[in-house]
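The values are calculated or read from the model by the stated rules, or taken from the named source; none is laboratory data. Please read all numbers here as calculations on a predicted model, not as lab measurements. Positions of Cβ are generated from backbone atoms using ideal geometry, with glycine treated the same way; all protein chains shown enter the neighbour counts. To get the accessible areas, we keep the full protein, side chains included, count just its heavy atoms, and leave off ligands, DNA and RNA. Shrake-Rupley method; radii C 1.70, N 1.55, O 1.52, S 1.80 Å.
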Amino acid sequence: MWCDRLVRGLDGHEFDVYAFSVGQGQEDAGWVELPPQVRRVRTAPLWAAEEDGVVHGRRARRRFTEYYGELTAALCTSAEPGAAEKPGTAEADRFANALHGLAELARDEGGLVAALRSEQAVRALERACRAPGARRAAREARVSDLLTVADHLERALRPLSLDWYEEDGLGAVDLCHAASGGIAALPGLLARHFFGVPLLVTEYGVRLRTHYLTRPDASPAVRSLLAAFHGLLTAETYRAASYLVPGNAHARRWQERCGADRTKLRTIHPGLDATPFARVGEDRREEEREKSEKRETRGKGETREHAEPHTLVWLGRVEPARDLVSLLHAFAEVRAAEPGTRLRIVGRPSGPEGEAYLGHCRALAAQLFPDEADGPHAVGRNPVSFEELGGPGAETTADVHAGATVTVLSSVVEGFPVGLIEAMFCGRATVSTDVGAVVEVIGGTGLVVPPRNPRALAEACVSLLRDPERRARLGAAARARALELFSVEQNVAAFHGLYLETVARTPVRRPVLDGAGDPQPFAAPAEAHVPGHWTEPTPRAVPTWAVETPEPVTETVR
């Protein structure tokens, strides 16, 4: 979504979109309507590779064996994950040279699909694992491990065989913007290698961290070799990129840990569209004032039971990482302190694991909160409701937050909390656990508690439920912060400035008009893109010192 908003917001630039698909379902979903600044779209599947019919001759097979052997040798001899993913090391240079050699071979021969699937590739990997100096985990690799790793490398290196790396393809753009690291950045990496196109890499979630946390059931040899591959690929991407753009401080710390040069880092928060939440945010102050007046009448004869009940809202994907169990135990303490308070859990389960976790949470809620009834002949209702978006009162996320007194986030693992920003757009006071980029997003406009601590979570919720003025004050501050830092407008403006800065620092590669041979640096300075006239126009003549505005900059976004 942030790519879509960025492309639509930068209507003064032209875009070529190069996209990978990850499954048949994604391709069957169809195409979105594209803005006029998108000149063309090229796609390629990462989930399947068609036979290209390329048959390598003897010389090409020798080149493949050499380059693939060097690449696998770098995987087997690099240090343990977390220690050798830094650009400039011997193994990082060895990996980069082998990767570029394979890319040049694929370009010369028309592809590497058959070679990467061949027995020749598996035997080269086996020799690298058995060679002197290989790590212990690599030496212990079994045949099944070698086949697994070779299959993963074949899928990861599929972008090398694409026909995108031509003068009229990626060679014709001024800047490549990779929407994530890892394999998705490979085309931009090769465009820089072949044509010198500057590369910009945005990571809202660090891909290398994801690879470290996946494949928990794989053997130590498979985990070690794949971690080495993605670590070295990340090191080469970070080395080649002109700028790295983390979406938050949490991602920035991971990039630095993985070897990123601090001078290349530029943090740009993702931009969200605040329009759907505008009505709720603007009405919040009036709602809090009315609720405060109602509660003040308690001292004038109205009982506590007749006051408007409080509502806590949790919104997101239902999965164990969201720690709804701690939230339910915390809500039990909230109910003891503030009877009548209700909890709405709104979200769909994430896969089979999420389905099982949702069932467990429903059972726990039924155990902790027996159905309540106003009298012996009335039907009781559980104070905890499990809902999905699209249902009554939850048609949109804005509708959900509109009915919230306090929005709660209880996660133990969190990246960039988009749901929390949506609550801030709505002017809601929030209680969150201190995970991921939560503190960076909240910035003092909400309460933050340690994760897996139901008592602290309950105390924070109760303190806000009992203080409507504080809720209103925090909600207003949260909305102002979200509009300032996390809107689409700030995101587009930040990337626009970074695009111009990158292009201005890159020598132009196109032939100059007068036929001179050498490219001229700063032939397209950033100042040339400022709208309006630099000098007072002269009637019927153009002064010889006037600056000619170049053609629009073309970026590639993936």
Filtered residue count, region 17-37, keeping only those that are without any contact (Cβ under 8 Å) to a residue 60 or more places away in the chain, open to solvent by less than 20 Å² (accessible area, probe 1.4 Å) and closer than 23 Å to I183 by Cα:
2
Condition test on A178, is it small (G, A, S) and open to solvent by 10 Å² or more (accessible area, probe 1.4 Å)?
no
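Okay, residues lined up against (1) more than 19 Å from A456 (Cβ to Cβ); (2) of a type in the set (D, E, K, R); (3) touching a residue at least 60 places away in the same chain (Cβ under 8 Å):
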residue	(1), (2), (3)
V400	yes, no, yes
L409	no, no, yes
V413	no, no, yes
F416	yes, no, yes
G427	yes, no, yes
T430	no, no, no
E440	yes, yes, yes
Close pairs from region 240-260: first in a helix (DSSP H, G or I) and acidic (D, E), partner at pLDDT 90 or above and open to solvent by 10 Å² or more (accessible area, probe 1.4 Å), Cβ under 7 Å, at least 6 apart:
E256/R262
Can you pull out every residue in region 426-444 that is open to solvent by less than 10 Å² (accessible area, probe 1.4 Å), out of contact with any Gly (no Cβ under 8 Å at 6 or more places or on another chain) and at pLDDT below 95?
V438, V441, I442
Every residue from region 1-31 that is under 22 Å from T202 (Cα atoms), out of contact with any Phe, Trp or Tyr (no Cβ under 6 Å at 6 or more places or on another chain) and part of a loop (DSSP other than H, G, I, E, B)
M1, L10, D11, G12, H13
Run G111 past the list (1) modelled with pLDDT of 90 or more; (2) within 16 Å of R58 (Cα to Cα); (3) not hydrophobic (A, V, I, L, M, F, W, C) and report the number of the one that doesn't hold.
(1)
Within the group P352, P320, P309, which residue is touching a helix residue (DSSP H, G or I) at 6+ places or on another chain (Cβ under 9 Å) and open to solvent by 30 Å² or more (accessible area, probe 1.4 Å)?
P320
Kindly indicate whether any position in region 152-168 is polar (S, T, N, Q), open to solvent by 10 Å² or more (accessible area, probe 1.4 Å), without any contact (Cβ under 8 Å) to a residue 60 or more places away in the chain and assigned to a helix (DSSP H, G or I).
no
Flag for R473 being modelled with pLDDT of 90 or more and open to solvent by 60 Å² or more (accessible area, probe 1.4 Å):
yes
Considering each of A19, A83 in turn, give the residue that is modelled with pLDDT under 90 and out of contact with any Gly (no Cβ under 6 Å at 6 or more places or on another chain).
A83
Test set (1) at pLDDT 90 or above; (2) open to solvent by less than 50 Å² (accessible area, probe 1.4 Å) - E333 fails condition number
(2)
Tally, over region 414-425, of residues that are of a type in the set (V, I, T) and open to solvent by less than 10 Å² (accessible area, probe 1.4 Å)
1
Being open to solvent by 20 Å² or more (accessible area, probe 1.4 Å) and either without any contact (Cβ under 8 Å) to a residue 12 or more places away in the chain or within 15 Å of R481 (Cα to Cα) (or both) is the filter here; which residues of region 261-273 pass it?
R262, T263, H269, D273
Scanning region 110-127 for residues that are among the hydrophobic types (A, V, I, L, M, F, W, C) and within 34 Å of the chain's Cα centre (by Cα) gives L112, V113, A114, A115, L116, A121, V122, L125
Region 3-16 residues that are within 16 Å of G271 (Cα to Cα) and without any contact (Cβ under 8 Å) to a residue 40 or more places away in the chain, paired with ones that are outside any strand (DSSP E or B) and open to solvent by 50 Å² or more (accessible area, probe 1.4 Å) (beta carbon under 8 Å, 6 or more apart)
D4/V32
